[in-house]
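As structure tokens, the structure follows; a few thoughts come after it.
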Amino acid sequence: MPSNTSFSRRALVASAAVLAAPFIMPRPARASTELALGYPLPLNSQFGAAATAFADELARLTQGRFTVKQFPASSLGGEREMIEGVQLGTQPLALVSTGALPNFVPQVAVLDLPFLFRNYAHAHAVLDGAIGQELLGRFPARGLVALAWGEGGFRHITNNKRPVAAPGDLRGLKIRTQENTMHIAAFKGMGAIPTPINWPETFVALQQGTVDGQDNPISVIEAAKLYEVQKHLSLTEHLYSPALFLASPAVLAKLPQADQDALRAAARVGAAAMRRRVARDERTGVANLRQRGMAVVESIDKAPFIAALQPSYQDFNQRFGAATIDRIRQAG
């Protein structure tokens with residue numbers, strides 16, 4: 001996502017402050033408290049599946065004392081704006097990808113290294129194990145509480161110009177990216193022209209030809225109806241995209257420990273539902289996108305892409321430490 005101007009950030013903070021009261025609203029008739037949960041994609045997406053499972057489990061665990069009001073499809077702003085709202089305490093909960101998170105918790109960026117994860121089982125082993133828990137422990141120092149790892153899925157490239165089966169096919173293509181240094185470096189290394197654009201503006205940017213393509217998991221490509229503005233899909237699996245349930249420390253501090261534990265437990269249930277939805281979409285999504293008119297390149301040799309990124313990997317090793325990267329690669 002692109003950096004916001006200082007004016008827009010002030011406007012966001014002011015607006016968030018005005019809206020903060022209904023985001024955490026006691027409801028005496030039912031003796032319940034309503035919490036707002038924002039996320040970037042529509043209700044009919046892996047984010048919506050996670051949010052709904054989270055809301056249902058939280059209501060169950062607290063006997064209805066807490067309910068969740070969902071704000072899907074970036075209705076509270078882009079991911080960076082939502083994370084800032086959680087930091088400020090004007091938004092209690094958010095479910096976001098890791099795209100913008102390295103701007104707040106830099107260590108998380110290591111998960112966005114291209115071709116880092118072999119498959120979903122490998123990614124889950126890392127996030128559910130010691131490495132993932134250590135990263136979650138980094139968030140309180142940055143004014144955030146990370147409740148549980150969710151899942152966006154492996155990212156694939158779409159574009160309107162030509163099939164992409166090798167790095168040379170990306171040369172000169174303007175590819176929308178998140179405001180994430182790892183994503184930008186990956187596309188530069190593979191020969192594309194990365195262009196950070198905020199997610200709510202992406203569909204129009206593709207429709208108008210501001211950029212030629214973008215990258216996202218199958219679930220997102222389907223849910224956001226990107227098949228309406230993109231012709232070609234290449235199953236590159238070049239990046240794995242985690243997601244995170246975030247909570248405001250200011251909100252949690254007002255809750256007894258039992259309710260904080262309920263939020264964390266509900267987030268884990270939501271994360272599991274998110275993974276199930278991603279798995280389902282991976283099984284059926286490519287065929288659905290073909291039916292919608294997309295031309296799909298399925299059998300892609302990843303070796304040339306990895307070779308093209310070798311100079312970038314040297315920079316990654318210096319930034320994160322080769323031992324850290326090797327620890328992730330060998331996990332699971």
Note down all Cβ pairs under 8 Å where the first residue falls in segment 115-140 and is closer than 10 Å to A331 by Cα and in contact (Cβ under 8 Å) with a residue 60 or more places away in the chain, the second is part of a loop (DSSP other than H, G, I, E, B) and of a type in the set (A, V, I, L, M), and they're at least six residues apart or on different chains.
H122/A331; A125/A331; V126/A331; G129/A331; I131/A331
For segment 190-237, name all the residues that are touching a residue at least 24 places away in the same chain (Cβ under 8 Å) and of a type in the set (S, T, Y).
T202, T210, S219, Y227, S234, T236
Can you find a residue that is part of a strand (DSSP E or B), of a type in the set (A, V, I, L, M) and either modelled with pLDDT of 95 or more or surrounded by fewer than 22 Cβ atoms within 10 Å (Cβ to Cβ) (or both) anywhere in segment 229-238?
yes
Matching entry among A243, A279 (being closer than 25 Å to K302 by Cβ and surrounded by fewer than 18 Cβ atoms within 10 Å (Cβ to Cβ)):
A279
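Being of a type outside the set (G, A, S), in contact (Cβ under 8 Å) with a residue 24 or more places away in the chain and buried (at least 23 other Cβ atoms within 10 Å of the Cβ) is true for just one of N103, N159. Which residue is that? Talk me through it step by step, then tell me what you get.
Details: N103 fails: buried (at least 23 other Cβ atoms within 10 Å of the Cβ).
Selected residue: N159, the only one of N103, N159 that is of a type outside the set (G, A, S), in contact (Cβ under 8 Å) with a residue 24 or more places away in the chain and buried (at least 23 other Cβ atoms within 10 Å of the Cβ).
One line per residue, one yes/no per condition, for (1) in a helix (DSSP H, G or I); (2) more than 19 Å from the chain's Cα centre (by Cα); (3) among the aliphatic types (A, V, I, L, M):
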{"residue": "A250", "(1), (2), (3)": "yes, yes, yes"}
{"residue": "L263", "(1), (2), (3)": "yes, yes, yes"}
{"residue": "A272", "(1), (2), (3)": "yes, no, yes"}
{"residue": "R277", "(1), (2), (3)": "yes, no, no"}
Index of the failed condition, A165 passing every other in (1) of a type in the set (A, V, I, L, M); (2) outside any loop (DSSP other than H, G, I, E, B); (3) out of contact with any Lys or Arg (no Cβ under 6 Å at 6 or more places or on another chain):
(2)
Residues satisfying the stated conditions in segment 141-156, i.e. more than 15 Å from the chain's Cα centre (by Cα) and either free of Cβ contacts under 8 Å to residues at least 12 places away in the same chain or under 12 Å from Y240 (Cβ atoms) (or both):
A141
Positions within segment 198-240 being hydroxyl-bearing (S, T, Y) and touching an Asp or Glu at 6+ places or on another chain (Cβ under 6 Å), in sequence order
S219
All but one of (1) over 16 Å from the mean Cα position of the chain (by Cα); (2) without any contact (Cβ under 8 Å) to a residue 24 or more places away in the chain; (3) in a helix (DSSP H, G or I) hold for I184; state the number of the condition that does not hold.
(1)
Which condition number does A273 fail, the rest of (1) at pLDDT 95 or above; (2) farther than 28 Å from F245 by Cα; (3) among the small types (G, A, S) being met?
(2)
When only residues in segment 163-178 that are out of contact with any helix residue (DSSP H, G or I) (no Cβ under 6 Å at 6 or more places or on another chain) and of a type outside the set (A, V, I, L, M, F, W, C) count, which is nearest to I306 (Cα to Cα)?
G168
Boolean, V204 is among the hydrophobic types (A, V, I, L, M, F, W, C), over 16 Å from the mean Cα position of the chain (by Cα), surrounded by fewer than 16 Cβ atoms within 10 Å (Cβ to Cβ) and modelled with pLDDT of 95 or more
yes
Output for Cβ contacts, cut-off 6 Å, separation at least six or different chains, first residue closer than 9 Å to L113 by Cβ in segment 315-329, second in a helix (DSSP H, G or I), reads F320/V110; I328/V126
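Between G99, G85, which is within 30 Å of F320 (Cα to Cα) and either at pLDDT below 95 or among the hydroxyl-bearing types (S, T, Y) (or both)?
Values: G85 fails: either at pLDDT below 95 or among the hydroxyl-bearing types (S, T, Y) (or both).
Only one candidate passes the filter, namely G99.
The values are calculated or read from the model by the stated rules, or taken from the named source; none is laboratory data. Since we're looking at a predicted model, the values are computed, not measured. Counting neighbours? That spans all protein chains shown, and the Cβs are built from the backbone with ideal geometry, glycine included.
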